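**Q** First the structure, which I've put down as structure tokens, then a few questions once you've had a look.
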Amino acid sequence: MMLLFDETGLKIKTNEEFRRIVEKKKKIMGMFCLLGAITVLADAIAATAGLLESDSYLCGLFLGLGCGLIGAGLLKLLQLKKISSNEELLKKERLKYTDERNRAITSKAILMTTLVILLLSYLAMLIGAFYSRTVFYCFWFVLIGFFFLYAIFFRHYNRKM
């Protein structure tokens with residue numbers, strides 16, 4: 001999972017370089033906690049303002065998502081703190097992080113996940129067109145947004161690398 005938000009990859013040679021990566025990961029996990037807190041707060045505001053019924057499915061869904069983000073973010077933060085404070089554990093994680101096999105597995109998993117999500121979005125767009133234009137346009141914009149962002153990031157990394 002640590003490879004998921006990776007940019008540098010195999011260039012990491014020392015524990016200090018990897019410690020900087022761990023610190024970046026801590027910031028990302030902090031953002032997950034913040035996003036979870038915003039979700040819980042938005043849920044509470046929507047329930048008290050009457051936008052959502054306090055016993056509705058969506059109210060519970062948003063509360064669960066927010067608490068899940070906070071919990072997972074905090075657990076990962078604790079794990080990363082433990083890794084950064086222990087030199088032996090830091091070295092072990094650095095070796096696992098820079099292992100070419102793990103990187104290849106992550107790359108293939110991300111590729112296949114992307115293809116399946118695109119396929120499911122396309123199918124949902126087609127099926128949704130028969131029932132609701134809102135569903136159709138939501139998935140249409142997801143697909144267009146994906147390919148637009150892909151083109152932007154491809155150009156960016158093509159110039160950068």
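The values are calculated or read from the model by the stated rules, or taken from the named source; none is laboratory data. This is a predicted model, so every value here is computed, not measured. No Cβ is skipped: glycine too gets one built from the backbone with ideal geometry, and neighbour counts run over all protein chains shown.
**Q** Out of (1) within 26 Å of MET31 (Cβ to Cβ); (2) at pLDDT below 95, the odd one out for LEU69 is which?
**A** Every condition holds for LEU69 apart from (2).
**Q** From the residues in region 87-96 that are of a type outside the set (D, E, K, R) and touching a helix residue (DSSP H, G or I) at 6+ places or on another chain (Cβ under 9 Å), which one is surrounded by the fewest Cβ atoms within 10 Å (Cβ to Cβ)?
**A** The qualifying residue surrounded by the fewest Cβ atoms within 10 Å (Cβ to Cβ) is LEU89.
**Q** Here's another thing I want to ask about it. Give all pairs with beta carbons closer than 6 Å in which a residue from region 1-20 that is in the same structural domain as ASN86 (by TED's automatic domain parsing) and among the β-branched types (Val, Ile, Thr) meets a residue that is assigned to a helix (DSSP H, G or I) and modelled with pLDDT of 55 or more; count only pairs at least 6 apart in sequence or on separate chains.
**A** From region 1-20, the pairs are ILE12/PHE18; ILE12/THR98.
**Q** Output the qualifying pairs, or none if there are none: Cβ atoms under 8 angstrom, residues six or more apart or on different chains, first residue in region 61-74 and within 9 Å of ALA37 (Cβ to Cβ), second residue among the β-branched types (Val, Ile, Thr).
**A** Partner pairs satisfying both residue conditions: GLY66/ILE38; GLY66/THR39; GLY66/VAL40; LEU69/THR39; ILE70/VAL40.
**Q** Answer with yes or no whether ALA37 is at pLDDT below 90 and assigned by TED's automatic domain parsing to the domain that holds SER84.
**A** no
**Q** Is there any pair with a first residue in region 84-113 that is in contact (Cβ under 8 Å) with a residue 40 or more places away in the chain and assigned to a helix (DSSP H, G or I) and a second that is among the aromatic types (Phe, Trp, Tyr) and surrounded by 12 or more Cβ atoms within 10 Å (Cβ to Cβ) whose Cβ atoms are under 7 Å apart and which are 6 or more apart or on different chains, and what are they?
**A** Every condition considered, the pairs that remain are LEU90/PHE18; ARG94/PHE18; TYR97/PHE18.
**Q** Tally time: how many residues in region 97-136 are surrounded by 14 or more Cβ atoms within 10 Å (Cβ to Cβ) and closer than 30 Å to ILE12 by Cβ?
**A** Residues in region 97-136 being surrounded by 14 or more Cβ atoms within 10 Å (Cβ to Cβ) and closer than 30 Å to ILE12 by Cβ: 5 in total.
**Q** Continuing with the same structure: For residues that are polar (S, T, N, Q) and either under 20 Å from the mean Cα position of the chain (by Cα) or in a helix (DSSP H, G or I) (or both), scanning just region 37-83, find the one that is surrounded by the fewest Cβ atoms within 10 Å (Cβ to Cβ).
**A** The extreme case among them is THR48.
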